[in-house]
Amino acid sequence: MTSQAASDNQLIDIWLHGRSPHTQRAYAADAARLRSRIAKPLAAVTMSDLQAFADSVASLSPASRYRALSAIKSLLAFGHRIGYLPFDVGGALRLPAVRGRLAERILPEAGVHRMLDLEPNRRNRALLTLLYASGVRVSELCGLRWRDIVANGDSAQITVLGKGGKTRAVRLPAAVWKQLSQLRGEADGGDQPVFRSRKKGGGLTPVGVLRIVRQAARRAGMDVAVSPHWLRHAHASHALDHGAPIHLVQATLGHASISTTGRYLHARPSDSSSRFLGL
C-alpha cells in the first residue's frame, strides 16, 4: 500500500468516526466503490471522475444512488475542511432528486396498537412499546442498559446515546415504565442490556429487533416490510397529530434541526387549499 493510499484510508477512518455502525458500513462501502472506480488518490479526483462515478451507480435504486453520491460529497467536503484536500471538488456535484417516501412509512395508530396488543411475548411487547413511546432509533435501543433508566415516581426516564455521540433524556409514560420494570427482575446488574438475546446472551442486535418488529407487523395484518424506524416515524407523526409542540417532538427524537421534525407535518397534512375550490 502506498503512503497516499494509507493517508486516504486514515482520512476515511476519521470521517466515519462517531457515526452509527450502520452508517459506517454504508459510507465505507460507498467510499470503497469510488476508490475502486477511479483508481487514484482522493487529492487527484476531478469533476469528470465524479461524473463517471455517478454514471456507474445509475443502476442502483434511487435512494441508494442518492446515499452513495451524498456520502462522497460529504467525504470530499470533510477532507477539504480539515485541509487534507486542496479543493472540495464534490461541491459542484448535483444529487439526484429522490421522491419522498415518508408518508408511506407512517403506520396508522390502530395498526401500531394492534402490533402491541397482539404481541404474546412480554420482552418483545415491552420492546415494541418502548420503540413507539420514546421514538428511539434501533441502535439506541440496542445500546440501552439498566443504568440508563432512572425511575421518577411512577414513571421513568431513559438516557440514550444518539447520532454524533450526543446524549438525550426521554421521559417515559408510567405504563411503559411498568412494562420495563417487570423485565428488570431478570437482570443482575446495571450494566446488563435492557433487551437481552435469549439464544446468544448479551443484548439484542438490530437484526434481532428487526425480526421482532416484522413478526409483530405480520401478526397485526400488515403486508408491508415494517422496520423499527417506522415506529419512530409513527411516534413523531402521532404525537404531532395529537397536538404535541413540534420543539418537544424534536427534543424527544434528537433531531438536530426542527426542519427535520417538520417533515412529519408535511407528510400528512391536516388541511389543503383544495377545499376552497368548490369541488
(message) Please list, in order along region 69-74, the HN-Hα scalar couplings obtained from phi with the Karplus expression 6.51 cos²θ - 1.76 cosθ + 1.60 (θ = phi - 60°), rounded to whole Hz, x for Gly and Pro.
(response) 6, 5, 5, 5, 4, 5
(request) Over all directions, average the projected area of the Cα convex hull of region 3-92 and note it in nm². (result) 5.5
(request) Mind checking region 107-208 for GluC sites (Glu not before Pro) that DSSP puts in a loop (not H, G, I, E or B) and that have at most 15 other Cβ atoms within 10 Å? (result) E186
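Provide the gained length on full extension for the span A63 to M47, in nm with one decimal, where the gain is 0.36 nm per separating residue minus the Cα-Cα distance. Show your work: numbers first, answer last.
Values: separation 16, 0.36 × 16 = 5.76 nm, distance 2.20 nm.
Stretched out fully, the A63 to M47 stretch lengthens by 3.6 nm.
Just need the relative contact order of the chain here, percent rounded to a whole number, with Cα pairs under 8 Å and 6+ apart. Before the final figure, lay out the partial values.
On the way: 307 pairs, mean separation 47.1, N = 279.
Computed over the chain, the figure is 17 percent.
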(message) Give me, ordered by chain and number, the residues 5 or more places off R196 or on other chains with an amide H under 5 Å from its own placed amide H.
(response) L204
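Determine the gain in length on full extension of the stretch R211-R184; use 0.36 nm per residue of separation and subtract their C-alpha separation, reporting nm with one decimal. It would help to have the intermediate numbers written out before the result.
On the way: separation 27, 0.36 × 27 = 9.72 nm, distance 2.26 nm.
Length gained, R211 through R184: 7.5 nm.
What does the helix-only formula give at 222 nm for the chain: each DSSP H stretch with n ≥ 4 adding -39500 (n - 2.57), the total divided by the residues, and the result rounded to the nearest 500 deg cm²/dmol? Present the calculation step by step, with values, prior to reporting the outcome.
Numbers: 12 runs with 147 residues, N = 279.
Dividing the helical sum by the residues of the chain leaves -16500 deg cm²/dmol.
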(request) In whole Å, largest first, what are the principal axis extents of the Cα atoms in region 95-162? (result) 47, 32, 20
(message) Please compute the Kirkwood hydrodynamic radius over region 103-267, one decimal place, Å, based on all pairs of different Cα atoms.
(response) 16.1
(message) What are the ³J(HN,Hα) couplings of region 49-57, residue after residue, when phi is run through the Karplus curve with 6.51, -1.76, 1.60 and θ = phi - 60°? Round to Hz, x for glycine and proline.
(response) 4, 5, 5, 5, 5, 4, 5, 6, 9
(request) Could I have the simple spin-label model distance between R147 and A175, label points 7 Å from Cα toward Cβ, reported in nm to one decimal? (result) 3.2
(message) Suppose each label sits 7 Å from its Cα in the direction of the beta carbon; what would the S197-K163 distance come out to in nanometres?
(response) 2.6
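Semi-axes of the equivalent ellipsoid for the chain, please: Cα gyration tensor eigenvalues, times 5, square-rooted, ordered largest first, whole Å.
Numbers: eigenvalues 284, 133, 62 Å².
Listed largest to smallest, the semi-axes of the chain are 38, 26, 18 Å.
Bear in mind that the values in this text are calculations on the coordinates, not laboratory data. Worth saying up front: this structure is predicted, and the values here are computed from it rather than measured. All Cβ positions, glycine included, derive from the backbone under ideal geometry; neighbour counts span all protein chains shown.
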